[in-house]
1. Sorted from fewest to most neighbouring beta carbons within 10 Å, what does the list VAL71, VAL55, VAL175 look like?
2. Quote the Stokes-Einstein diffusion coefficient, in whole µm² s⁻¹, for the stretch 16-225, based on the Kirkwood radius over alpha carbon pairs, a temperature of 4 °C and a viscosity of 1.567 mPa s.
3. Size of the dipole of the stretch 16-225 about the Cα centre, Lys and Arg at +1 and Asp and Glu at -1 on the beta carbon, nothing else charged, in debye to 20?
4. Report, in listed order, any pair from LYS85/LYS142; LYS85/LYS163; LYS72/LYS98; LYS45/LYS202; LYS95/LYS151 with a Cα-Cα distance greater than 27 Å.
5. How would you rank 108-115, 79-86, highest first, on the average number of other Cβ atoms within 10 Å across their residues?
6. Between GLU180 and ASP39, what length comes free when the chain is fully extended (0.36 nm per residue of separation minus the Cα-Cα distance, one decimal in nm)?
7. Exposure proxy check: GLU88, GLU180, GLU70 ranked by fewest other beta carbons within 10 Å?
8. Could you tell me the center-to-center distance, by alpha carbons, between the stretch 56-76 and the stretch 125-150 in angstrom?
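Derivation of every value follows stated rules applied to the coordinates shown; laboratory data play no part. What you see is a predicted model; the values in this text were computed from it and never measured. Backbone-built Cβ (ideal geometry, glycine too); neighbour counts: all protein chains shown.
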Amino acid sequence: MSRSNPHEGVQNPATRYFKWNGENGIIQYYDRDAKENVDVGSDFKFLLLDQLGTVRGWHDASQSGIWSNEVKDTRADVMIVKAFKGGELASGLYKDIKDRVNAQGGRFNASCYIAYKGDSGLSIGCLLLKGAALSAWMEFTKANRTDLLKKAVRIHGSTEGKKGRITFHAPVFKVVDTSEETNAAATALDIELQAFLSAYFKKNKKEQVAAPPAHVRDEDVMDDEDTITPRTAPTDYIAEAIDDSDIPF
């Protein structure tokens, strides 16, 4: 960080990291102070800011969690996948390392940066989606592409599915209207987010994965140009990352 480049090394502005619990069909986030997961329920509203791709999972060989850097486009950006106690597991474009990653317990996640209503108003959060939740999200985004960055998204309940002996729940997404004031506030938050992402992506990939991000905990992952750009529609980079071998939840 310097006076002329204050964003270098800036902390991720997300204040809560949410995930979909497909076993129980609810949204959860980890409370650092209480050191426990907090259940949000199956009714959750947010505004999408941006979405990236990452890998999370569990590495049996080292009995530790799997994590990776976040990427904008799996077709062009290198992913470096590591285990907390097992070192580097794979490196390359996701399509080239997917089989190795899956075989070792890693699963692709959409890392959706969102604006959500926190304790002090609208805040930046991150929602991780994988497996059946990711598939449901992909179908939803394809059907609602024009509204995604103009309106809000609501998770309202879930649908039940079964894969082998496993029963799981996929979230139900729908588009809901939002006020101009709320939309403007979300756009302002996205400017802050894009400043962080601009600095993050300028780093050498090896630097990005020298150590796990502060919000990624070992026990957390077991289930599961220099310009600030406006909110942009999600790309199709996730489609090729979905694999039928993914754990449903």
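1. Numbers: VAL71 23, VAL55 30, VAL175 16.
Going from sparsest to densest Cβ surroundings: VAL175, VAL71, VAL55.
2. It comes out at roughly 73 µm²/s.
3. Here the size comes out at about 640 debye.
4. Going by Cα-Cα distance, LYS85/LYS142; LYS85/LYS163; LYS45/LYS202; LYS95/LYS151 fall outside the 27 Å limit.
5. With the highest mean Cβ count within 10 Å placed first, the list reads 108-115, 79-86.
6. Values: separation 141, 0.36 × 141 = 50.76 nm, distance 2.94 nm.
Extra length available between GLU180 and ASP39 comes to 47.8 nm.
7. Lowest to highest Cβ neighbour count: GLU180, GLU88, GLU70.
8. The distance from the Cα centre of the stretch 56-76 to that of the stretch 125-150 comes to 20 Å.
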